[in-house]
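Heads up, the thing below is written out as structure tokens.
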Amino acid sequence: MYFQRVLELAFLFCRVLVCYGLMVAFLAAPPVISLNQHLTDGLQGWIRSDALLVPRLIPESARVYSTQEAVEIIWLGKSAKDSFTQNEQGHLQDVHHLIAWGSFIVGCAVIISILIEKEVVPQRVVVDVRRVILTLVLLTLLAVTGFSFFFELFHQVFFPQGNYSFPADSLIIQCFPPLFWMLNLIWLQLGVLVLLRWQAHHAEKLSI
């Protein structure tokens, strides 16, 4: 019974990781990044938090070009030719390494979940997924409410080398201001919640 429960929790954990992996890949696609940047610009006048606002200091054409270079560094590990400073490029390379390791972990999670899927009880999967959904909703509300603290904590955990702080007029912040990342967090969590809800619905059908 104990071993059965461990398998079910491992299955759930792997499925949650896969959901996050899928959403990160979706949100990091260039068209989605561009859409989120435009949404960030549109919300500038509605946001009152100075911690989230960054005055636009570069033209749109420069941002588009630099964003493309950033995406190439993050996904392909390429070196920027002229846009980013050495420190900015170093941080983007760190993000590339994080995504590479994350992709490997998500791949392992897919394999593990496939191997143990037949060992889990669908009814308990439904209950567990609903608990995870509730927990993620509460965590998302907390993270959005105290986004600056959450953002700093996230970087301290995943980038302990400390090369993640840049001035507001730096190119990397001009392309990806704090408000951009707060919106990304919201879309990430909403997407994961939808995927988990679909998983619970699938498990409910199997239990009937």
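The values are calculated or read from the model by the stated rules, or taken from the named source; none is laboratory data. Predicted model only: the values in this text are computed from it and were never measured. Positions of Cβ are backbone-derived with ideal geometry, glycine not excepted, and every protein chain shown enters the neighbour counts.
Only one of Leu43, Leu17 is of a type in the set (A, V, I, L, M, F, W, C), closer than 22 Å to His155 by Cα, touching a residue at least 12 places away in the same chain (Cβ under 8 Å) and surrounded by 13 or more Cβ atoms within 10 Å (Cβ to Cβ). Can you tell me which?
Details: Leu43 fails: closer than 22 Å to His155 by Cα.
After ruling out the rest, the residue left standing is Leu17.
Failed condition for Ile73, given (1) exposed (fewer than 13 other Cβ atoms within 10 Å of the Cβ); (2) farther than 14 Å from Gln174 by Cα, with all others met?
Only one criterion in (1) exposed (fewer than 13 other Cβ atoms within 10 Å of the Cβ); (2) farther than 14 Å from Gln174 by Cα is unmet by Ile73, namely (1).
Check Val137, Val121 and return the single one that is of a type outside the set (Phe, Trp, Tyr), within 30 Å of Tyr2 (Cα to Cα), in contact (Cβ under 8 Å) with a residue 24 or more places away in the chain and surrounded by 14 or more Cβ atoms within 10 Å (Cβ to Cβ).
Val121
Out of all the residues in the stretch 80-95, which are part of a loop (DSSP other than H, G, I, E, B) and without any contact (Cβ under 8 Å) to a residue 60 or more places away in the chain? Spell out the reasoning first.
Looking only at the stretch 80-95, we keep the residues that are part of a loop (DSSP other than H, G, I, E, B), and these are 80-85.
Ala80, Lys81, Asp82 - these are the residues of the stretch 80-95 that are part of a loop (DSSP other than H, G, I, E, B) and without any contact (Cβ under 8 Å) to a residue 60 or more places away in the chain.
Could you list all residues from the stretch 1-14 that are among the hydrophobic types (A, V, I, L, M, F, W, C), in contact (Cβ under 8 Å) with a residue 12 or more places away in the chain and surrounded by fewer than 19 Cβ atoms within 10 Å (Cβ to Cβ)? Break it down stepwise before answering.
Our first condition is that a residue be among the hydrophobic types (A, V, I, L, M, F, W, C); within the stretch 1-14, this holds for 1, 3, 6-7, 9-14.
Add one more test, that the residue is in contact (Cβ under 8 Å) with a residue 12 or more places away in the chain, and what stays is 7, 9-14.
Of everything in the stretch 1-14, those that are among the hydrophobic types (A, V, I, L, M, F, W, C), in contact (Cβ under 8 Å) with a residue 12 or more places away in the chain and surrounded by fewer than 19 Cβ atoms within 10 Å (Cβ to Cβ) turn out to be Leu7, Leu9, Ala10, Phe13.
Cβ-Cβ below 7 Å, separation at least six or inter-chain, first residue in the stretch 96-116 and within 18 Å of Ile73 (Cα to Cα), second surrounded by fewer than 17 Cβ atoms within 10 Å (Cβ to Cβ) and of a type outside the set (Ser, Thr, Tyr): which pairs?
Once the first residue is within 18 Å of Ile73 (Cα to Cα) and sits in the stretch 96-116, its partners that are surrounded by fewer than 17 Cβ atoms within 10 Å (Cβ to Cβ) and of a type outside the set (Ser, Thr, Tyr) give His96/Gly77; Leu98/Phe158.
Restricting the search to the stretch 153-180, which residues are among the polar types (S, T, N, Q) and either free of Cβ contacts under 8 Å to residues at least 24 places away in the same chain or surrounded by 12 or more Cβ atoms within 10 Å (Cβ to Cβ) (or both)?
Kept after step one, since they are among the polar types (S, T, N, Q), are these residues of the stretch 153-180: 156, 161, 163, 165, 170, 174.
Hits for the stretch 153-180 are Gln156, Asn163, Ser165, Ser170, Gln174.
Here are some residues: Ala70, Ala62. Which one is in contact with a helix residue (DSSP H, G or I) (Cβ under 9 Å, 6 or more places away or on another chain), among the small types (Gly, Ala, Ser) and closer than 16 Å to Asn163 by Cβ?
On the way: Ala62 fails: closer than 16 Å to Asn163 by Cβ.
It is Ala70.
Scan the stretch 181-208 for residues that are surrounded by 18 or more Cβ atoms within 10 Å (Cβ to Cβ) and among the polar types (S, T, N, Q) and jot them down.
Asn184, Gln189, Gln199
Sort through Arg15, Arg48 and tell me the only one that's farther than 16 Å from Asp169 by Cα and either of a type in the set (S, T, N, Q) or modelled with pLDDT under 90 (or both). Give the derivation first.
On the way: Arg15 fails: either of a type in the set (S, T, N, Q) or modelled with pLDDT under 90 (or both).
One residue alone meets the criteria, Arg48.
Suppose the filter is within 30 Å of Cys108 (Cα to Cα), surrounded by 13 or more Cβ atoms within 10 Å (Cβ to Cβ) and modelled with pLDDT of 90 or more; does Gln37 pass it? Spell out how you get there, then give the answer.
Values: within 30 Å of Cys108 (Cα to Cα): no; surrounded by 13 or more Cβ atoms within 10 Å (Cβ to Cβ): yes; modelled with pLDDT of 90 or more: yes.
No: the conditions fail for Gln37.
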